[in-house]
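Please treat every number below as a calculation from the coordinates, not as lab data. Quick caveat: nothing in here was measured; it's all calculated off a predicted structure. Cβ placement follows ideal geometry from the backbone for every residue including glycine, while neighbour counts extend to all protein chains displayed.
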Amino acid sequence: MPAKVKYELVDGLKEKLSRTKAVFVGEYRGMTVAQSTALRAKVREAGGELKIAKNTLFKIAMKETGFSELPESMMKGPNIFALCYDDPVSVAKVLKECVNDKTQKTFILKGGLLENQVLDFNQLMALAELPSKDVLRGQVVRTIAAPLSGLVNVLSGTIRNFVTCLAQIRDKKQEGTAA
């Protein structure tokens, strides 16, 4: 490969890496085109992108964008790199789903980087178990709203009891006048 092409590839990778929050590494040897296309589409829906690049060029791009170096064991073989632009947990869930897919036994997830923290396979699987950002936001809102809704119920309970008491007095007066 001519040097100019390599420089252009590294520049393209650097541009993508500058926007990414996490990089996950997997070995795609033996995957069919249909399987890799389906995986690409799922990762894209989760807010990421799959990129195939030479390991040495990817290392250079990572080094030049300030990422930590991936362990040498992860950088062997034909690798596919999952770049996470939005929510790394969503992309990790998609990759875990691919690893656990019984029909697909060729994709091997190795690990990755999450904000310059090296993750091994087990840590990456633990990351995939976390709830997504939307679920966490919902839990936070529910936690914040719970005391407020309790206060509203307590305050409205007094008024509700007062209205019930007035209704009972009215009913008794109507019974007294009817008899």
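If each DSSP helix of 4+ residues adds -39,500 (n - 2.57) and the sum is divided by the residues in the chain, what number results at 222 nm, nearest 500 deg cm²/dmol?
So the calculated ellipticity at 222 nm is -20500 deg cm²/dmol.
Over the Cα atoms of the range 81-133, how large are the radius of gyration and the largest Cα-Cα distance (Dmax), in Å?
10.7, 33
What do you get for Rg/Rh of the range 131-179 when both radii come from the Cα atoms and Rh is the Kirkwood radius?
For the range 131-179, the value is 1.48.
Residue separation times 0.36 nm, minus the C-alpha to C-alpha distance between GLU64 and LYS102: what's the value?
Using 0.36 nm per residue and subtracting the Cα-Cα distance, I get 9.9 nm.
Among VAL135, VAL91, VAL163, whose mean-square fluctuation peaks in a Gaussian network model of the chain (Cα, cutoff 10 Å)?
Comparing VAL135, VAL91, VAL163 in a Gaussian network model of the chain, the most mobile one is VAL163.
Please check which bits of the range 64-105 a label hung off VAL33 would reach, taking the label as a point 7 Å along Cα-to-C-beta and the cut-off as backbone N under 14 Å.
Within reach of a label on VAL33, which here means backbone N under 14 Å from a point 7 Å along Cα→Cβ, the range 64-105 contributes nothing.
Which entries of LYS16/LYS93; LYS63/LYS133; LYS63/LYS102; LYS4/LYS93; LYS14/LYS102; LYS54/LYS105 have Cα-Cα distances beyond 31 Å here?
LYS63/LYS102; LYS4/LYS93; LYS14/LYS102
Using a Förster distance of 35 Å, how high is the FRET efficiency between GLU115 and LEU151, based on the Cβ-Cβ distance and rounded to 0.05?
Using R0 = 35 Å, I get an efficiency of 0.35.
Give me the percent of Cα-Cα pairs in the chain that sit more than 27 Å apart, rounded to a whole number.
45 percent
Whole-Hz Karplus ³J(HN,Hα) for the range 91-107, in order, using 6.51 cos²θ - 1.76 cosθ + 1.60 and θ = phi - 60°, x for Gly and Pro?
Result, ordered by residue: 5, 4, 4, 5, 5, 5, 4, 5, 5, 7, 5, 5, 7, 10, 10, 9, 7 Hz.
From the phi angles alone, apply the Karplus equation (6.51, -1.76, 1.60; θ = phi - 60°) to the range 70-79 and give each ³J(HN,Hα) in whole Hz, x where the residue is Gly or Pro.
Each residue's phi maps through the Karplus curve to give 6, x, 4, 5, 7, 9, 10, x, x, 9 Hz.
Give me the angle, in degrees from 0 to 90, between the Cα long axis of helix 33-45 and the longest principal axis of the Cα atoms of the chain, rounded to the nearest 10.
Result, in degrees: 50.
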